[in-house]
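Below is one structure; the comments refer to it alone.
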Amino acid sequence: MKKYYFLLLVLPVFWNTQLGMGARDVIDRMTNTHGDLKKWRQSPSIQFKTHISFASSDWPDYHEKVTVHPISRQAYVDFIALDGNKIEGQIAYTGEKAWALGKRTGFAAMPPRLTAWRNFFLFNIPFIVYDAGVHIKNEGTGNLPGSSQNYLRLRMTFDAGVGDTPKDYYTLYLHPEHFRLEAAEYIMTYPNMTQKTPHLLVFNGYTQVNGFTVPTGYHLYNKSDMKRLHTAEISDWRFDIKFDEKRMIMPRYAELDRSKSN
């Protein structure tokens, strides 16, 4: 997963995606299926809730509300009690530093600079493919395990020095008729958390919000044996919420994230 930094006045930086032969038409169609790129970038923020249920009883359910600025990629997250009301913990990431406050258990206890934008990245790949330093290569077609559907496949990699984990890679699976992103295979290389085998995220529902086609849930598998790791519900998508700049100010009693990116 990536974290990008942008010069707001230098708009051409967005169009540095490096495309392999035949990839431009495919990603253009994918992005158009999911919504208007310009409109997505002009949103005051992108906000959603994720409720994750883990297959292992060792991990408690995880409920978050994520708010990210689509240009600066600054982010803040509220960890919500399972009753859906009380905020138990918070994290924020300015793009330079991250911190945490309050109760954080299970997945929420991972490094804030990773947790703040992980799901934003995964759920918004159809727009992030146009970020600076992204490389897209056409990899033909292929099936997902247990499915006879033949998907278009794209390989997504990153320039050295781009984001926190430039050695990550993704294989994107697109439906050949409507070019919707159906799944993503990936390796995460955040220090001390590097995956030994790829994970496969398979979206299992979509809805329309403000003209965007957004996911409403997914299953996450260990690709090597297709063991399910967790299931997630994604809800309350908003593209019209003003980004709260005050959340970028580190509270007095917050804990600074001292983890190191690659």
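The values are calculated or read from the model by the stated rules, or taken from the named source; none is laboratory data. On a predicted model such as this, the values are computed, not experimentally measured, just so you know. In this analysis, Cβ positions are derived from the backbone assuming ideal geometry, glycine residues included, and neighbour counts consider all displayed protein chains.
Quick check on Thr105: is it of a type in the set (Val, Ile, Thr), farther than 21 Å from Trp59 by Cα and surrounded by fewer than 18 Cβ atoms within 10 Å (Cβ to Cβ)? When the stated conditions are applied, Thr105 does not pass them.
For Phe79, the conditions (1) in contact (Cβ under 8 Å) with a residue 60 or more places away in the chain; (2) of a type in the set (Phe, Trp, Tyr); (3) more than 22 Å from Met188 (Cα to Cα) are fulfilled apart from (1).
Filtering Pro215, Pro191 for residues that are farther than 25 Å from Asn138 by Cα and either touching a strand residue (DSSP E or B) at 6+ places or on another chain (Cβ under 6 Å) or at pLDDT below 95 (or both) leaves a single hit, Pro191. Which one of these does Ser148 not meet: (1) in contact with a helix residue (DSSP H, G or I) (Cβ under 6 Å, 6 or more places away or on another chain); (2) small (Gly, Ala, Ser); (3) free of Cβ contacts under 8 Å to residues at least 24 places away in the same chain? The number of the failed condition is (1).
Would you mind stating whether Ile234 is in a loop (DSSP other than H, G, I, E, B), closer than 23 Å to His63 by Cβ and modelled with pLDDT of 95 or more? Spelling it out, it is not the case that Ile234 is in a loop (DSSP other than H, G, I, E, B), closer than 23 Å to His63 by Cβ and modelled with pLDDT of 95 or more. Within segment 118-132, the set of residues being of a type in the set (Val, Ile, Thr) and either out of contact with any Ser or Thr (no Cβ under 8 Å at 6 or more places or on another chain) or surrounded by fewer than 22 Cβ atoms within 10 Å (Cβ to Cβ) (or both) comprises Ile125, Ile128. Filtering segment 224-247 to residues that are without any contact (Cβ under 8 Å) to a residue 40 or more places away in the chain and more than 26 Å from Arg41 (Cβ to Cβ) leaves Ser224, Asp225. Could you give me the residue pairs with C-beta distances under 6 Å whose first residue belongs to segment 156-175 and is of a type in the set (Gly, Ala, Ser), whose second residue is at pLDDT below 55 wherever it lies, and which are 6+ apart or on separate chains? Sorted first by the residue in segment 156-175, then by its partner, the pairs are Ala160/Pro166; Gly163/Lys2; Gly163/Lys3; Gly163/Tyr4.
Going through (1) at pLDDT 95 or above; (2) surrounded by fewer than 17 Cβ atoms within 10 Å (Cβ to Cβ) one by one, Lys196 falls short only on (1).
Counting only strands (runs of 3 or more DSSP E) wholly contained in segment 11-111, no element carries 2 or more residues that are over 17 Å from Phe243 (Cβ atoms), at pLDDT below 90 and in contact with a Cys (Cβ under 6 Å, 6 or more places away or on another chain).
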